[in-house]
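The block underneath contains the structure these notes are about, expressed in structure tokens.
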Amino acid sequence: MEHRRIQAALSEVQAVLDAEDRWLRPRDSKNRPGGILLLKEDVPCLVVPDLHGRADFLKAVLAWNTGEGSVQARLAEGKLQLVCLGDGMHSELRGRGRWLEAFKEFETQFTEASPHMDQEMGENLDTMVLVMELKGRFPGFFHFLKGNHENVTDETGRGNHPFAKFVLEGAMSKAWILQNLGQTVLDQWDRFERSLPLLARGRHFVVSHARPKTAYSFERLI
């Protein structure tokens, strides 16, 4: 994927997230869109599970015929909302063998040929750039919540924890981005992730990537 397309998608989606309607994302104490997404109660909502680098899955969802047109057409008409529950990156179990091979490539911080990690990150970029572009096209109707895999810097803190399941997936993804896309893209991506809502409330339902350890007030979530 072209570097320019990635940067353009990041810039566009950031502008959209920063300017989200306060009725959709109530503002926090610093007048920024808060952690709660208040969905339109008079518009049906489709909830999509973890993506994990599956751009083809998301495209299939968009093409699915609801009986009144495709999901994408309904989004364009403002007659359907779509909420992705996060975890856009990392193939996990389906890519276990590839991760193990990519870990060997990680020894050089991907300064040498790294076909396995290139393939993994190609899938991740395809998926997340599609997410960003959809948010730009349908800002009031397409939404993506933050999951535990939305931690591109692999940091500890600000609600984040480093990710390592089969290998050091979080650290490896960060190293690949730095080597291939640079610090500026990493910083833009980090800001994008920190701008995502954590929870969506619709008519008679609430969704998030995972359940919290304890109860949180509406005000604290904002």
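Every read-out reported here was derived from the displayed coordinates using simple, explicitly stated rules and does not represent laboratory data. Bear in mind that the values here come from a model prediction, so they are computed numbers and not experimental data. Heads up, the Cβs are rebuilt from the backbone with ideal geometry, glycines too, and the neighbour counts pull from every protein chain shown.
Tabulated values for the structure
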quantity: Burial ranking of peptide ranges 196-206, 51-61, 104-114 (average Cβ count within 10 Å, highest at the top); calculated: 51-61, 196-206, 104-114
quantity: Nearest 10 degrees, 0 to 90: helix 183-194 Cα axis against the chain principal axis; calculated: 30
quantity: Using alpha-carbon coordinates, inclination of helix 115-137 to the longest axis of the chain, degrees; calculated: 20
quantity: Helical contribution to [θ] at 222 nm, DSSP H n ≥ 4, -39,500 (n - 2.57), averaged over the chain, rounded to 500; calculated: -13000 deg cm²/dmol
quantity: Where only C-alpha atoms are counted, convex hull volume of the stretch 3-207 per residue in Å³; calculated: 123
quantity: Projected label distance in nm at Asp21 and Ser70, using a 7 Å step from Cα toward the beta-carbon; calculated: 2.5
quantity: Cα long-axis angle, helix 3-18 against the chain (0 to 90 degrees, to the nearest 10); calculated: 30
quantity: Cβ-derived FRET efficiency at R0 22 Å, Ala171 paired with Arg4, nearest 0.05; calculated: 0.25
quantity: Contour excess over end-to-end distance, with Cα ends at Gln119 and Asp187 and 0.36 nm allotted per residue; calculated: 22.2 nm
quantity: Centroid-to-centroid separation of the stretch 39-93 and the stretch 136-204 [C-alpha atoms, Å]; calculated: 19
quantity: Length gained when the stretch Glu133-Arg201 is fully extended (0.36 nm per residue, less Cα-Cα span); calculated: 22.2 nm
quantity: FRET efficiency for Glu107 and Glu155, using Cβ-Cβ distance with R0 set to 22 Å, rounded to 0.05; calculated: 0.45
